[in-house]
1. Could you order Thr106, Thr52 by accessible surface area, starting with the largest, using a probe radius of 1.4 Å?
2. So what are the ³J(HN,Hα) numbers for segment 132-140, from phi and the Karplus equation (6.51, -1.76, 1.60; θ = phi - 60°), rounded to whole Hz, Gly and Pro as x?
3. Tell me the accessible surface of Lys97 in square angstrom (1.4 angstrom probe, heavy atoms of protein chains only), to the nearest ten.
4. For a quick check of understanding: with a 1.4 angstrom probe and all protein chains in place, what accessible area in square angstrom does Ile19 have, to the nearest ten?
5. Would you rank Met120, Met108, Met76 by solvent-accessible area, highest first, keeping every protein chain in place and using a 1.4 Å probe?
6. How much of the accessible area of segment 46-153, probe 1.4 Å, is carbon plus sulfur, in whole percent?
7. What list of ³J(HN,Hα) couplings, whole Hz, do you get for segment 55-68 from phi and the Karplus terms 6.51, -1.76, 1.60, once you set θ to phi - 60° and write x for glycine and proline?
8. So how exposed is Trp114, as accessible area in Å² (1.4 Å probe, rounded to 10)?
Amino acid sequence: MGRMESDCRIPLSCLRPRILALHALFWGLVSLRVFGAGLLSEVKTTDERLVTIPCWQMEEFVVAVECSRCNAFQSMSWAACIQTGYVERINCTKSNKDEYKSCRSTLMEEHLFWKFEGAMLGLTILFALVVVARQRSLDRLASEKVRRQIESI
């Protein structure tokens, strides 16, 4: 009978407790972020349904006024402004009602994009510095080991 070989390709260094803990923490935070956002949006939609269902959720609509930033008064008093800080006026075609709907502005999206890019650039620089420091540390250890071997001769 032949010896069975494992198909596992995980290096043993990945099975260290610290690495496993970091993986568990990372994926735990990711799943909390994803599922938490789903739960929060579910709570919001149930609250909205208790009050009244907007016409734009049940029928077709036409955008009457493009997405624009809410002013201070609108931000405090309109429910549509609370979510994103931007609102558009729409006209539902079937019921012919004018309503306000929360929207995401291109300016806001661009701002979020550049914040993300800045964070990624910062992380890149941080981890590049960590790699350089780790490489120097390993080089120092290797040269120390070579020095000790030469001294022992």
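The values are calculated or read from the model by the stated rules, or taken from the named source; none is laboratory data. Note that the structure is predicted; figures quoted are calculated from it, not measured. We work out accessible area using only protein heavy atoms, side chains counted, and drop any ligands, DNA or RNA first. Shrake-Rupley method; radii C 1.70, N 1.55, O 1.52, S 1.80 Å.
1. Values: Thr106 120, Thr52 90 Å².
The ranking, largest first, comes out as Thr106, Thr52.
2. Running phi through 6.51 cos²θ - 1.76 cosθ + 1.60 with θ = phi - 60° gives 4, 5, 5, 5, 5, 4, 5, 4, 4 Hz.
3. Per-residue accessible area (Lys97): approximately 100 Å².
4. Approximately 60 Å² of Ile19 is accessible to the 1.4 Å probe.
5. On the way: Met120 75, Met108 35, Met76 165 Å².
Final ranking, largest accessible area leading: Met76, Met120, Met108.
6. In segment 46-153, the share of accessible area belonging to carbon and sulfur is 62 percent.
7. 5, 5, 7, 10, 9, 6, 9, 10, 6, 8, 10, 4, 4, 9
8. It works out to around 150 Å².
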